[in-house]
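The values are calculated or read from the model by the stated rules, or taken from the named source; none is laboratory data. From a predicted model like this one, the values you see are computed outputs, not experimental measurements. All Cβ positions, glycine included, derive from the backbone under ideal geometry; neighbour counts span all protein chains shown. Keep in mind that these areas ignore ligands, DNA and RNA; they rest on the heavy atoms of the full protein, side chains included. Shrake-Rupley method; radii C 1.70, N 1.55, O 1.52, S 1.80 Å.
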Amino acid sequence: MNDPDKRVLPLVVRIERAAPPQRTDALEAAARAVLALLDDPRALSGEWAADVKLWETTGIRKVVRRARGAEWRRVLDLPGLTVTVRTAEVRVHPPVPLDAWPRDLSRLQVSGTDLADTEEPGPFEPPVIWFNPGLGMTAGKAMAQVGHAAQLAWWATPEEARTAWRESGFALAVREADPEHWAALEDSGLPVVRDAGFTEIAPGSCTAVADAPWLPRGADTAWGPLRRS
């Protein structure tokens with residue numbers, strides 16, 4: 001039986017048939033949505049705080065679903081917040097029990113999130129979340145992984161840097177690393193995500209690394225089920 005205290009963080013990406021978002025835009029919106037929720041007063045001491053605390057102490061699992069049309073409009077009526085990055089809209093909701101999702105979220109599909117970039121992403125500045133070039137994750141899976149990386153980075157960010165990051169609207173980039181760079185990132189001591197293996201990839205796979213000028217190198221900044229080995 002599942003632990004009744006287990007929580008999962010729902011992320012919903014808007015994918016309209018006629019105008020799906022660019023993959024990189026969706027990844028960046030997901031990471032920024034996680035940061036926005038973590039810093040929201042409702043998550044810190046308000047009505048979402050108890051669920052966020054349970055979620056953080058039992059494993060920071062995230063599940064990405066897609067919505068369009070009326071589905072998306074119903075999602076907007078549920079508690080949460082929406083982040084828009086260029087072509088992508090992602091809504092993040094406070095954590096819900098693993099087996100008791102709100103009806104308008106539970107009816108949404110997990111499949112169908114295999115987005116693509118129709119052109120190369122533009123120039124970027126740090127902070128950046130790098131993802132593993134060798135895993136071939138769907139966009140939905142990758143959105144969850146970069147969300148994990150953003151969360152680990154937030155926990156490792158000093159307060160002064162948090163203030164600046166918050167004032168920038170949690171600006172960040174998400175990019176695929178080349179193999180040589182990825183090998184260096186895995187051993188850098190930066191926050192690194194190792195997947196629990198619920199879907200798509202093998203347990204323990206290293207999926208994403210967060211890099212920012214203020215993050216310490218050489219320290220184990222990962223946590224719980226995502227802890228570095």
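Are there helices (runs of 4 or more DSSP H) fully within segment 118-222 with at least 3 residues that are open to solvent by less than 40 Å² (accessible area, probe 1.4 Å)? List them. Please lay out each step first, then the result.
On the way: elements: 139-155, 159-167, 179-186.
In segment 118-222, 139-155 are the helices (runs of 4 or more DSSP H) which contain 3 or more residues that are open to solvent by less than 40 Å² (accessible area, probe 1.4 Å).
Looking for something aliphatic (A, V, I, L, M), in a strand (DSSP E or B) and either surrounded by 16 or more Cβ atoms within 10 Å (Cβ to Cβ) or in contact (Cβ under 8 Å) with a residue 40 or more places away in the chain (or both) - is there at least one such residue anywhere in segment 93-116? Yes, there is a match, as at least one residue in segment 93-116 is aliphatic (A, V, I, L, M), in a strand (DSSP E or B) and either surrounded by 16 or more Cβ atoms within 10 Å (Cβ to Cβ) or in contact (Cβ under 8 Å) with a residue 40 or more places away in the chain (or both). Apart from one condition, ARG61 fits all of (1) more than 22 Å from ALA208 (Cβ to Cβ); (2) touching a residue at least 40 places away in the same chain (Cβ under 8 Å); (3) open to solvent by 70 Å² or more (accessible area, probe 1.4 Å); the exception is (1). Within segment 148-193, the set of residues being within 25 Å of ASP117 (Cβ to Cβ) and of a type in the set (Lys, Arg) comprises ARG175 only.
For segment 64-79: of the residues being in a loop (DSSP other than H, G, I, E, B) and without any contact (Cβ under 8 Å) to a residue 40 or more places away in the chain, which is most open to solvent (accessible area, probe 1.4 Å)?
Residues of segment 64-79 that are in a loop (DSSP other than H, G, I, E, B), as a first pass: 68, 77-79.
Restricting the remaining residues to those that are without any contact (Cβ under 8 Å) to a residue 40 or more places away in the chain gives 77-79.
Values: ASP77: 131, LEU78: 39, PRO79: 79 Å².
Within segment 64-79, the match that is most open to solvent (accessible area, probe 1.4 Å) is ASP77.
If you go through segment 145-170 and keep only what is in contact with a Lys or Arg (Cβ under 8 Å, 6 or more places away or on another chain) and within 16 Å of VAL85 (Cα to Cα), you end up with GLY147, ALA150, GLY169, PHE170.
Report yes if LEU44 is at negative phi and in contact (Cβ under 8 Å) with a residue 24 or more places away in the chain, otherwise no. Here the answer is no, as LEU44 does not meet what is asked.
From the list ASP51, ASP5, which residue is over 18 Å from VAL146 (Cβ atoms) and outside any helix (DSSP H, G or I)? Write out each step before concluding.
On the way: ASP51 fails: outside any helix (DSSP H, G or I).
Result: ASP5 is the single residue among ASP51, ASP5 that is over 18 Å from VAL146 (Cβ atoms) and outside any helix (DSSP H, G or I).
Would you confirm whether any residue within segment 114-128 is closer than 16 Å to PRO10 by Cβ and of a type in the set (Gly, Ala, Ser)? Looking for residues that are closer than 16 Å to PRO10 by Cβ and of a type in the set (Gly, Ala, Ser), one finds none in segment 114-128, hence no.
Quick check on my filter: what residues within segment 80-92 are open to solvent by less than 30 Å² (accessible area, probe 1.4 Å) and closer than 18 Å to ALA142 by Cβ? Give the steps one after another, and end with the answer.
Within segment 80-92, the subset open to solvent by less than 30 Å² (accessible area, probe 1.4 Å) is 80-81, 83, 85, 88, 90-92.
Scanning segment 80-92 gives VAL83, VAL85, ALA88, VAL90, ARG91, VAL92.
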